[in-house]
Amino acid sequence: MQTIWLSGAEWLAVLRIGLGLWWLESWRHKDKKSWFERGTGIAWAADVAAHHRWGAVRVGFDKVVRPRPKVMAYVVVYAELALGLGLVLGFLTPVALVGGLLLNLLYLVLMMHDWAEQGQNGMMALISLVALFAMSWQTWSLDGVVGVFQ
């Protein structure tokens, strides 16, 4: 593979790190006090799920999220932080890529009527797939230094 400036593996690492920074920005801009104390994030998602055109989304939300809104708020917020750190540092990278892919697909389904959200989550999911199948943790990562996931 011919590339300009960096090697192919290094460009894949740039892609992985960029995706991690995207997750960290998602974590950073959330108003944690509102999410944890007032439950605004889960309340917003409940409203979206209640009006969703797919009944399975409503049922799934009612069974999994609605009974435990505080726990789910922490899960969402700290999952985004963990994904971002894992991808930027290249730590447990395949786990972070699969977790991020699943979270993006979940967000994509939940927000299927919002074109801006679909674009963001679709692109993040695509980057996750490319970074996963190209084994982007081989360069500039703690996984590469330690020698796991070879």
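Restricting to the stretch 112-134, name every residue that is within 15 Å of Leu97 (Cβ to Cβ) and surrounded by fewer than 17 Cβ atoms within 10 Å (Cβ to Cβ).
Met123, Leu126, Leu129, Val130, Phe133, Ala134
Step by step: first the residues of the stretch 39-59, then only those that are in contact (Cβ under 8 Å) with a residue 12 or more places away in the chain and part of a helix (DSSP H, G or I), then the one that is farthest from Ala73 (Cα to Cα). Which residue is that?
Within the stretch 39-59, the match that is farthest from Ala73 (Cα to Cα) is Val57.
State yes or no: is Ala49 open to solvent by less than 80 Å² (accessible area, probe 1.4 Å) and out of contact with any Lys or Arg (no Cβ under 9 Å at 6 or more places or on another chain)?
So Ala49 does not fit the description; no.
Give Leu87, Leu81 a once-over and let me know the one that is assigned to a helix (DSSP H, G or I), surrounded by fewer than 18 Cβ atoms within 10 Å (Cβ to Cβ), at pLDDT 95 or above and under 11 Å from the mean Cα position of the chain (by Cα).
Matching residue, one of Leu87, Leu81: Leu81.
Considering only the stretch 106-134, state which residues are modelled with pLDDT of 95 or more and in contact with a helix residue (DSSP H, G or I) (Cβ under 8 Å, 6 or more places away or on another chain).
Met124, Ala125, Ile127, Ser128, Leu129, Val130, Ala131, Leu132, Ala134
Keeping to the stretch 11-31, report how many residues are under 9 Å from Leu87 (Cα atoms), open to solvent by 30 Å² or more (accessible area, probe 1.4 Å) and in contact with a Gly (Cβ under 9 Å, 6 or more places away or on another chain).
Qualifying residue count, the stretch 11-31: 2.
Only one of Ala46, Ala13 is over 23 Å from Gly119 (Cβ atoms), modelled with pLDDT under 95 and among the hydrophobic types (A, V, I, L, M, F, W, C). Can you tell me which?
Answer to the check: Ala46.
Of all residues being in contact (Cβ under 8 Å) with a residue 60 or more places away in the chain and surrounded by 18 or more Cβ atoms within 10 Å (Cβ to Cβ) in the stretch 100-111, which is farthest from the chain's Cα centre (by Cα)? Just the residue, please.
Ranking the qualifying residues of the stretch 100-111, first place goes to Leu110.
The values are calculated or read from the model by the stated rules, or taken from the named source; none is laboratory data. Small disclaimer: the values here were computed from a predicted structure and weren't measured. With ideal geometry, Cβ positions are generated from the backbone for all residues, glycine too; neighbour counts draw on all protein chains shown. Ligands, DNA and RNA are stripped out before the accessible areas are found, and what is left, the full protein with its side chains, is counted by its heavy atoms. Shrake-Rupley method; radii C 1.70, N 1.55, O 1.52, S 1.80 Å.
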